[in-house]
1. Tally time: how many residues in the range 626-657 are open to solvent by 20 Å² or more (accessible area, probe 1.4 Å) and assigned to a strand (DSSP E or B)?
2. Within the range 192-223, which residues are over 14 Å from LEU164 (Cα atoms), among the small types (Gly, Ala, Ser) and modelled with pLDDT of 90 or more?
3. Considering each residue of the range 770-794, count those that are part of a loop (DSSP other than H, G, I, E, B), farther than 14 Å from TRP390 by Cα and either open to solvent by 20 Å² or more (accessible area, probe 1.4 Å) or touching a residue at least 24 places away in the same chain (Cβ under 8 Å) (or both), and give that number.
4. Taking the range 674-686, which residues are surrounded by 21 or more Cβ atoms within 10 Å (Cβ to Cβ) and of a type in the set (A, V, I, L, M, F, W, C)?
5. Does the range 185-203 hold any residues that are in a helix (DSSP H, G or I) and out of contact with any Phe, Trp or Tyr (no Cβ under 9 Å at 6 or more places or on another chain), and which are they?
6. Looking at (1) free of Cβ contacts under 8 Å to residues at least 40 places away in the same chain; (2) closer than 14 Å to ALA208 by Cβ; (3) in contact with a helix residue (DSSP H, G or I) (Cβ under 8 Å, 6 or more places away or on another chain); (4) not aromatic (Phe, Trp, Tyr), can you tell me which one ARG158 breaks?
7. Going by the conditions given, is LEU238 open to solvent by less than 40 Å² (accessible area, probe 1.4 Å) and touching a residue at least 24 places away in the same chain (Cβ under 8 Å)?
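The values are calculated or read from the model by the stated rules, or taken from the named source; none is laboratory data. In this text the structure is predicted, and so the values were computed from the model without any measurement. Counting neighbours? That spans all protein chains shown, and the Cβs are built from the backbone with ideal geometry, glycine included. SASA here: full protein model, heavy atoms, side chains in, ligands and nucleic acids out. Shrake-Rupley method; radii C 1.70, N 1.55, O 1.52, S 1.80 Å.
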Amino acid sequence: MTKEERFFNALRDVFVGAKVEGESGFVNLMRIKSCYYEKGVFPRLNADIERALEPFPEFREELFDRLYTFFRRYFSESGSIYFRFTPPHEHVYEKVYTDDRDVALFWKTHMLYYVKTDRLFRSMAVEVDDFLFFFDVSTLEHKRANEKRALVFTFKKRREDGTLVFSVAYSENNRKTKIDDIRRAIKDALGLRRYTAQVPSEETLERAFRLFERQSEVDFFINKNARRFLQEQFNLWLYQYVFEPAQRQGTVWTEKRIRQLQVLKEIAYKIIDFIAQFEDELVRIWNKPKFVLGSHYVITLDRIAAQEGGMEVLERLFAHAGMEAQVQEWRDLGMVEEDFTPEQVWVTDLMGKRLHERYQYLPIDTKHFPDLETAILALFDHLDQALDGWLVNSENYQALNTMLPKFRERIQTIYIDPPFNLGNGGDFDYLVNYKDANWASLLEPRLRLAKHSLALTGSIFVRSDYNGDWIVRCLMDEIFGKENFRNEIHVRRTRTLKGENKKFHTANDTLLFYAKEMSQMHFHGFKKEKAKPRWVRMHLPGNVKGDASRVVFGKKIYPPPGRKWVLDQKGFDEAVKAGLVKWDEASQEPLFLSKYTTVGSDWTDISSYSSNWGFKTENSEDLLFRVLKSTSKEKEIVLDFFLGSGTTSAVAQKLGRKWIGIEMGAQFDEVTLPRMKKVLSGEELGISKSVNWQGGGFFKYFRLEQYEEVLRKAHYRDEDEPLFLQDPYTQYVFLRDPKMLDNAETGEPVMEMDTEQNEIRVDLSKLYPDIDRAETLSCLTGKWIRRIHPAENDPTQPGTVEFEDGTTVDLQSLPWEMSKPLIWW
């Protein structure tokens, strides 16, 4: 293979990427990139190179060799652009350090958005125990995000040569491969009455499945600014190439040599510009505000009954056909007995008809009553303020980015427990292939978005273990500032790690605690009960206004400079009468008898993990109680964007905080959502008894459109040669593509021009049938929802949304200006 062939093969791989089969946005993207390469960049680039080499054909071999040498360093098998490797003799210093910044964290993927870890499945043949198997992935629908989902194998047919063909899919709704059904289907395909040696055994099938699954795992990234990154790296590389040591045949400066190197740079920059077009497009899609889909509400009976007109709505709910499914859900969650009937909810006496005290906190899920949802929402004068929380099913970057306008600087406390930096799938219900660099790239942009959502008075806690706490500390210092570091808190790990028999047992994890702005942070402290009472001094730091003196035991006393008394005069008098104050002769000041002690950075007195919901990394409610009590007050908003089983939102609900929880994958429906329904019903787990939790609440849950879904639905023309009006390398080559103005999956137009009325009509239902237009607009504009008014032609459907600033929007026909950021970029 010549150097020229080697270079163009490598360049083709950049555009075509890894050969992945199946139905996915990623496959769609590879097809688009391949088309633009074959019909657009390759012919033009080839012609430009030939023209540039005309004055010095002898430079041809060196040109292609140098281009290949540079570009092969920065492209992974998934097409991602980053530091794949840097030769040891070439030291690249990414940052210039100053007097006020002498230490910084550098990692090879720092310029990337981490998308997900996935396996590159290809259709393949496998032979096991003299059986031939073929696995077909042509219709495999790839995962929307980074959830950990098993493969499901289904027998399709037996070919004439005896090959057994299987279709491959990702599991939906916890579906699993059924070996018995597969063996029965193979027996039937062979026309056998009973099992013989012609039917592969269970062990043979499982070995074949394992062989197929051993395909390469790849981390998918998007370069935040591919053009700048590659140009910077090329300039560094070219400098080192031109000025290499004399013993390695350094450059001899002639006019011809300068022109040759200029050609090398011009061609490299053209390639960089064209490659950057695709990466920039992916960045646009990644950061595009996403649609809110499949919204429903969970509200307890008492919240409905308390509103004007609420009793009438309850009557309609209990007469609705959906009540049968709702009652079965209550039974399944253990909220009512098997013999429960809806009539038991009511009590009728001299005071009239009302809710039975035992059943008043039963939660209604509006998914069972789609035609009554609007009637329930209409009961509330300010819907968003009435909500206790928002439960979001989404990859968390998409959620944080989409919801930021609505919650910017509104969050008081953030707590996250991200999947620890283990570098394997291990015990986690996410696919985690992160080790140091990838893990840092996962956290960094999410932490930056989180910072924007925090109020100036807010705080953030990040849990980690010894594998990654050093990375978290560096990232938090970088993003929040070292001056806003508050403490490193040690919590007791109550789970044993694999392989601990070969080292000291890992007893603790770490919570890194930072303020958004130290000078304005609200901190309420926290005290825990002690078995033995102790005498403590009674003054605290603070500004003293007016007379700072107190009279105790007939003595007029003052606090030390810059301090103030805990109690006012009345409080002192009552404490003295109760025997809680004594006089200390040594210090000449009063001491207070306390059965509490202030909590420090050692939190090993409580368990930090729990197992109430069967979630392997379930944080304990005691831990979150301490976090939230010390940094937030009632009605303030708490955020957890690695929600897991839902401990943070559960504790927030019980403490009267508002909350946002973000979680992806099957655990959202299987664990998190059911748990929050149980919390509203008045569960007695966790901190319920200590805070006297009775039940009740109102929250919204929905899922967000995902990056992979946008790639699948976006329409890019690949049937014609790309239209180049200017320079094909730097012009925006996707300008004429409809993107989501059409649905690439169905071919249906989403946007249409009405030339007679001179208006643009948008039908978003052609993209998704279950778009929550009101919440989508609320996130897009940052305006909170006040009321959702029913449609005039159909009162069961939302007609207009009224925001808290008084503006209203017709939800039946969204204005083009509001729709555009969602469907065209």
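1. Within the range 626-657, residues that are open to solvent by 20 Å² or more (accessible area, probe 1.4 Å) and assigned to a strand (DSSP E or B) number 0.
2. Answer for the range 192-223, where residues must be over 14 Å from LEU164 (Cα atoms), among the small types (Gly, Ala, Ser) and modelled with pLDDT of 90 or more: just ALA197.
3. 6
4. Matches in the range 674-686: MET676, VAL679, LEU680.
5. ASP188, GLU202, GLU203
6. Result: ARG158 passes all but (2).
7. For LEU238, the condition - open to solvent by less than 40 Å² (accessible area, probe 1.4 Å) and touching a residue at least 24 places away in the same chain (Cβ under 8 Å) - is met.
Residues are listed down the side, and each one gets a yes or a no for (1) closer than 14 Å to THR648 by Cα; (2) among the polar types (S, T, N, Q):
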site	(1), (2)
PRO559	no, no
LYS570	no, no
ASP573	no, no
LYS577	no, no
GLU585	no, no
THR597	no, yes
GLU618	yes, no
